[in-house]
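Take a look at the structure below.
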Amino acid sequence: MAVRYAGRVVVMAAVMWIAGVPGAGRAPEYYRDVAPILEKHCQVCHRPGEIGPMPLMTYGEARPWARAIREAVVRRKMPPWFADPRFGKFSNDPSLSAAEIETVSEWVKAGSPAGDAREAGPARRWSVGWSIPKPDVVLETPRAIAIPARGTVEYQYVVMPTGFRQDKWVAMAEVRPSERAVVHHAVVYIRPPGSDWLREAKPGIPYSIPEDDPRHKRLWTTSDLLLVYAPGNEPDRLPEGMAKLIPAGSDLVLQMHYTPNGKAVEERTSIGLKYARGPVTKRVLSLQMGNDQFVLPPGDADVRVAAHGTLPNEALLLSLFPHMHLRGASFAFHYIHEDGKIETLLYVKPYDFHWQLSYRLAQPRLLPAGAKLEWVAHFDNSANNPQNPDPGAAVRYGEQSTEEMMIGFFDVAVAPGVDKERFFVRGGER
Ligand code: HEC
């Protein structure tokens, strides 16, 4: 009798197991349920050589972090993503679904069991080095730049001749610093052959001008951006038929912002380019709109800084990228319709300086010529902001992280024959 009774219990449990009814006693296991989630959402950073502080590639690696993983996932701290879900949909949104969060949470509550390794799917293959497909060409800074253990380092510019004898349409590009830990960000500009910007800088030799030097404004440029690199931001994947143009004879100019982190290192950076395969029907331009005329009063917890503009020509909006420093609290991108209706394209809150992310629209958005755009940032210069390096300071625009910035970058696609200068001539696209 007792034996039969026990047998029935076992059978019932097996039925619930197969049906997989949530909450019906089916504890998630690592190999079957959790590993696919870590592969999909975490390993892009949590694998050797990437920016995550520990790899999460195997059960052995994930198990000791189980509680921290649950905490990070339930509180939506990981993967990092700051777009308010009420506004816009983004193709690079890495967020876990509610069901995935539940799975991770229940797995940890159940004691983080491994399960059966045979139930794991084939492990995801990660390319070593580049995250874009193998580049067609790689440019590397010819000399290492010595980064001291501490102090501030002026922005370093390195002119890198491409040697291109023909125009090149670039579908994907990636920056790989050799010492990621000290690279706060990198920007790659396309300097066309006619430009005299930074002509005094010798190719390959790091060049800088101190911020208090009157010549510092020479660093300002209207050159188009090839890309902006910041830790955690995956390289752009442009939609089919769209690409950035590197005109024949151009140089790439690398702007590096280094932040010393206690250990002196020698840094070299590589830029990988993958050319467009098919015909290019749209040229992608990176534009920016910002405000550099603000003052954040000492101790002020909420300072609003806005920037306005109208789009000179029709353009297909592809992505948005807010940039502020340590006192940034939130950033909104608004499109003001002709009838005055304000449409929020993206609202980033909280803003976290350590995560410089680009937000790629799931559906590119056609904006008409004359479209009114408004970017609104809020800053917290009070002592309540744990990132604030000095709540007693009045803060203005500047390059170092102790100063502030307010820039909204945005990528648009336009007709292939239009460059940045022509785009800004009103009515110039036709
Ligand atoms: C874009 C890169 C990136 C992705 C994607 C990412 N992480 Fe992280 N993670 C980091 C970095 C960098 C840190 C350390 C700095 C920080 O905590 O912000 C971190 C920290 C953590 C920590 C805290 C470690 C500690 O020291 O306490 C946990 C736990 C964690 N990640 C789990 C995850 C999980 C789980 C996922 C996927 C669901 C994930 N991360 C996705 C980059 C990433």
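The values are calculated or read from the model by the stated rules, or taken from the named source; none is laboratory data. Just so it is clear, the structure is predicted and the values come from calculations on it, not from any experiment. Glycine gets a Cβ as well: all are built from the backbone with ideal geometry, and neighbour counts include every protein chain shown.
List pairs: first residue in segment 122-148 and closer than 17 Å to residue 269 by Cα, second residue of a type in the set (Phe, Trp, Tyr) and assigned to a loop (DSSP other than H, G, I, E, B) anywhere in the structure, Cβ distance under 9 angstrom, at least six positions apart or on different chains.
Qualifying pairs under 9 Å: 137/164; 138/130.
Exactly one condition in (1) over 17 Å from residue 271 (Cβ atoms); (2) away from the ligand (no atom under 16 Å from the Cβ); (3) in contact (Cβ under 8 Å) with a residue 60 or more places away in the chain is not met by residue 182; state its number.
(2)
In segment 373-398, how many residues are surrounded by fewer than 16 Cβ atoms within 10 Å (Cβ to Cβ) and in a loop (DSSP other than H, G, I, E, B)?
Step one: filter segment 373-398 for residues surrounded by fewer than 16 Cβ atoms within 10 Å (Cβ to Cβ), giving 383-384, 386-387, 389-390, 392, 394, 396, 398.
Those still in the list that are in a loop (DSSP other than H, G, I, E, B) too: 383-384, 386-387, 389-390, 392, 394, 398.
Qualifying residue count, segment 373-398: 9.
Counting only residues that are near the ligand (Cβ under 8 Å from one of its atoms) and among the β-branched types (Val, Ile, Thr), how many does segment 25-50 have?
Qualifying residue count, segment 25-50: 2.
Within segment 222-240, track down each residue that is surrounded by 15 or more Cβ atoms within 10 Å (Cβ to Cβ) and either part of a strand (DSSP E or B) or more than 16 Å from the ligand (Cβ to nearest atom) (or both).
223, 224, 225, 226, 227, 228, 229, 238, 239
Taking only segment 51-90 into account, find how many residues are of a type in the set (Gly, Ala, Ser), over 23 Å from residue 117 (Cβ atoms) and more than 12 Å from the ligand (Cβ to nearest atom).
Selection size over segment 51-90: 2.
Give all pairs with beta carbons closer than 7 Å in which a residue from segment 34-55 that is in the same structural domain as residue 80 (by TED's automatic domain parsing) and under 15 Å from residue 233 (Cα atoms) meets a residue that is part of a helix (DSSP H, G or I) and more than 6 Å from the ligand (Cβ to nearest atom); count only pairs at least 6 apart in sequence or on separate chains.
51/180
Let's see how each residue does on (1) modelled with pLDDT under 95; (2) among the basic types (Lys, Arg):
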position	(1), (2)
2	yes, no
5	yes, no
17	yes, no
24	yes, no
47	yes, yes
51	yes, no
57	no, no
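Give the residues of segment 241-266 that are under 19 Å from residue 206 (Cβ atoms) and away from the ligand (no atom under 16 Å from the Cβ), sorted by residue number.
Answer for segment 241-266, where residues must be under 19 Å from residue 206 (Cβ atoms) and away from the ligand (no atom under 16 Å from the Cβ): 251, 252, 253, 254, 255, 256, 257, 258, 260, 264, 265, 266.
How many of the residues making up segment 143-163 are in a loop (DSSP other than H, G, I, E, B), hydrophobic (A, V, I, L, M, F, W, C) and surrounded by fewer than 17 Cβ atoms within 10 Å (Cβ to Cβ)?
In the first step, residues of segment 143-163 are kept if they are in a loop (DSSP other than H, G, I, E, B); the result is 143-144, 148-155, 162-163.
Now drop any that are not hydrophobic (A, V, I, L, M, F, W, C), which leaves 144, 149, 153.
Remaining after also requiring surrounded by fewer than 17 Cβ atoms within 10 Å (Cβ to Cβ): 144, 149.
Number of matching residues: 2.
Could you say whether any residue in segment 196-203 is part of a strand (DSSP E or B) and of a type outside the set (Val, Ile, Thr)?
Within segment 196-203, none of the residues are part of a strand (DSSP E or B) and of a type outside the set (Val, Ile, Thr).
Could you tell me which numbered condition residue 427 fails, if it satisfies all but one of (1) at pLDDT below 95; (2) at negative phi; (3) in a loop (DSSP other than H, G, I, E, B)?
(2)
Can you give me the ranges of the strands (runs of 3 or more DSSP E) entirely in segment 260-351 with at least 1 residues that are among the polar types (S, T, N, Q), more than 25 Å from the chain's Cα centre (by Cα) and surrounded by fewer than 17 Cβ atoms within 10 Å (Cβ to Cβ)? Full working, then the answer.
On the way: elements: 265-267, 269-275, 282-290, 303-310, 315-323, 328-336, 342-348.
Here the list reads 303-310.
Out of 238, 254, 245, report the one residue that is at pLDDT 90 or above and under 19 Å from residue 423 (Cβ atoms). Break it down into steps so the answer makes sense when it comes.
Working: 238 fails: at pLDDT 90 or above; 254 fails: under 19 Å from residue 423 (Cβ atoms).
That would be 245, the only listed residue that is at pLDDT 90 or above and under 19 Å from residue 423 (Cβ atoms).
I'd like the full set of residues that are among the small types (Gly, Ala, Ser), exposed (fewer than 15 other Cβ atoms within 10 Å of the Cβ) and farther than 26 Å from residue 76 by Cα, limited to segment 352-372.
If we filter segment 352-372 for residues that are among the small types (Gly, Ala, Ser), which is where we start, we get 358, 362, 369-371.
Of the ones still in play, those that are also exposed (fewer than 15 other Cβ atoms within 10 Å of the Cβ) are 362, 370.
The one that is among the small types (Gly, Ala, Ser), exposed (fewer than 15 other Cβ atoms within 10 Å of the Cβ) and farther than 26 Å from residue 76 by Cα: 370.
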